[in-house]
Amino acid sequence: MESSSTSPFTLLHRSGECRARCGIVTTPHGQIKTPVFMPVGTQATVKAVTPEELEQLGAQIILGNTYHLFIRPGRELIKQFGGLHSFMNWQKPILTDSGGFQIFSLKKLAKITEEGAAFQSHLDGSKLFLSPEDVVAVETDLGSDIMMVLDTCIPWPASREETENATALTARWARRSKDVKPETGQLLFGIVQGGMYPELRKQAAQELIDIGFDGYALGGLSVGEPKELMYEMTEATVQHLPESHPVYLMGVGTPEDLVESVFRGVDMFDCVMPTRNARNGMLFTSRGRLVIKNSIFKNDQRPPDEKCGCYTCRNYSRAYLRHLFMCREILAYQLNSIHNLHYYCSLMAGMRNAIEEDSFLSFRDTFYAMRDQSSE
Ligand SMILES: [Zn+2]
């Protein structure tokens with residue numbers, strides 16, 4: 001469990017009040033300050049936002065998806081362009097998800113064996129196969145800074161036996177992934193499964209630590225289980241991970257989830273929520289959520305969030321954003337996405353400051369106190 005000299009993580013400060021901590025993850029394309037939120041760019045684009053805008057709103061690292069990019073436009077094409085960074089014009093770090101979650105979402109179109117995952121393309125039905133080794137090879141071609149191993153996905157609820165089998169297979173796949181890790185400086189993270197069984201989570205964590213990864217992710221959470229159970233499993237997993245390495249909670253979550261998980265020692269997050277909700281007209285604000293199509297905003301001259309310094313809030317009213325959304329204008333998706341991503345990135349920056357100043361608990365109290373007020 002003790003620190004490895006090769007960890008990409010530098011601990012800057014540990015909260016004296018809880019497990020929250022801040023630090024730096026060093027990657028081939030630069031350093032990331034943690035805790036960090038990573039905007040999701042599944043198809044080599046964070047939807048409706050340019051790379052320049054992402055930088056301006058404080059994004060330090062974004063996600064790409066191996067499964068989607070493998071299917072379209074294909075690894076060879078991206079390799080010809082010198083990797084994902086050049087292809088999409090983003091020179092900061094990129095983390096690539098393995099695509100395990102997407103493959104498992106195909107259900108009847110996927111067949112999982114010891115060797116790997118056979119599946120049919122969701123685009124044209126063509127038969128494809130990815131082994132854990134293939135996934136690392138594709139991620140190597142993509143040139144991502146942080147590569148995620150292929151893992152199995154465990155639904156909720158799942159029996160203990162089903163969870164044990166899937167967790168054991170994930171561990172065997174993790175070993176094979178580590179064995180083919182390239183000498184490129186790209187980081188490789190393992191994924192802790194174990195479903196909702198604390199002892200299986202502990203065992204899975206230990207197996208991954210024995211193999212040795214650059215960072216450890218918590219998989220199989222936020223899959224429909226109650227919030228309390230998710231927080232409980234996060235705690236039950238984080239306590240068995242080495243403090244010397246970054247901890248990444250995959251696919252989570254709401255602003256409340258981020259605050260609660262940083263409190264429990266998580267360093268990295270990704271979620272489609274800020275961008276997807278933006279396109280559906282839901283804005284995150286310091287006072288809660290705002291559904292922009294509501295008629296009460298018809299004449300509202302205020303920005304979405306008076307506490308927000310983003311491009312959208314500095315220049316546009318709720319009334320204008322409502323008008324754009326009602327007309328389904330493309331600019332609505334852009335402006336809403338800029339605001340929501342700015343909100344998420346600022347929230348993380350606020351948490352980093354609070355941890356450094358040893359005032360995380362008071363930050364958390366203020367966060368909830370603000371949200372109890374009406375957003376209107
Ligand atoms: Zn804003």
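The values are calculated or read from the model by the stated rules, or taken from the named source; none is laboratory data. Bear in mind the structure is a predicted one, so any value in this text is a computation, not a measurement. All Cβ positions, even for glycine, are placed from backbone atoms using ideal geometry, and neighbour counts span all protein chains on display. Please note that ligands, DNA and RNA were not included when accessible areas were found on the heavy atoms of the full protein model with its side chains. Shrake-Rupley method; radii C 1.70, N 1.55, O 1.52, S 1.80 Å.
Quick notes on this one:
Residue by residue, here is whether (1) without any contact (Cβ under 8 Å) to a residue 40 or more places away in the chain; (2) open to solvent by 20 Å² or more (accessible area, probe 1.4 Å); (3) on the phi > 0 side of the Ramachandran plot; (4) small (Gly, Ala, Ser) holds:
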| residue | (1), (2), (3), (4) |
| --- | --- |
| 302 | yes, yes, no, no |
| 305 | yes, no, no, no |
| 311 | no, yes, no, no |
| 329 | yes, yes, no, no |
| 340 | no, no, no, no |
| 346 | no, yes, no, yes |
| 349 | no, yes, no, yes |
| 353 | yes, yes, no, no |
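- The sole residue among 196, 268 that is among the aliphatic types (A, V, I, L, M), open to solvent by less than 20 Å² (accessible area, probe 1.4 Å) and modelled with pLDDT of 95 or more is 268.
Let's see how each residue does on (1) at positive phi; (2) open to solvent by 40 Å² or more (accessible area, probe 1.4 Å); (3) assigned to a strand (DSSP E or B):
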{"site": "12", "(1), (2), (3)": "no, yes, yes"}
{"site": "19", "(1), (2), (3)": "no, yes, no"}
{"site": "22", "(1), (2), (3)": "no, no, yes"}
{"site": "33", "(1), (2), (3)": "no, yes, yes"}
{"site": "46", "(1), (2), (3)": "no, no, no"}
{"site": "53", "(1), (2), (3)": "no, yes, no"}
{"site": "59", "(1), (2), (3)": "no, no, no"}
{"site": "64", "(1), (2), (3)": "no, no, yes"}
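- Among residues of the range 286-300 being assigned to a loop (DSSP other than H, G, I, E, B) and touching a residue at least 60 places away in the same chain (Cβ under 8 Å), the one that is farthest from the ligand (Cβ to nearest atom) is 287.
- Leading residue by the ranking (farthest from residue 181 (Cα to Cα)) among those in the range 99-114 that are part of a loop (DSSP other than H, G, I, E, B) and at pLDDT below 95: 106
- Criterion (within 16 Å of the ligand (Cβ to nearest atom), touching a Lys or Arg at 6+ places or on another chain (Cβ under 6 Å), under 27 Å from residue 46 (Cα atoms) and assigned to a helix (DSSP H, G or I)) met by exactly one of 333, 320, 343: 333
- Among residues of the range 66-90, those that are open to solvent by less than 20 Å² (accessible area, probe 1.4 Å), outside any helix (DSSP H, G or I) and in contact (Cβ under 8 Å) with a residue 60 or more places away in the chain, counted: 1
- Hits in the range 317-376 - residues which are among the aliphatic types (A, V, I, L, M) and more than 19 Å from residue 275 (Cα to Cα): 319, 351, 354, 355, 361, 369, 370
- Test: residue 178 is part of a helix (DSSP H, G or I), under 23 Å from residue 94 (Cα atoms), open to solvent by 20 Å² or more (accessible area, probe 1.4 Å) and at pLDDT 95 or above: yes
- Residue list for the range 116-136, restricted to those being open to solvent by 40 Å² or more (accessible area, probe 1.4 Å), closer than 27 Å to residue 85 by Cβ and in contact with a Lys or Arg (Cβ under 8 Å, 6 or more places away or on another chain): 123, 133
- Assessment of the range 93-112 against the conditions (within 15 Å of the chain's Cα centre (by Cα), buried (at least 18 other Cβ atoms within 10 Å of the Cβ) and among the aliphatic types (A, V, I, L, M)) yields at least one matching residue.
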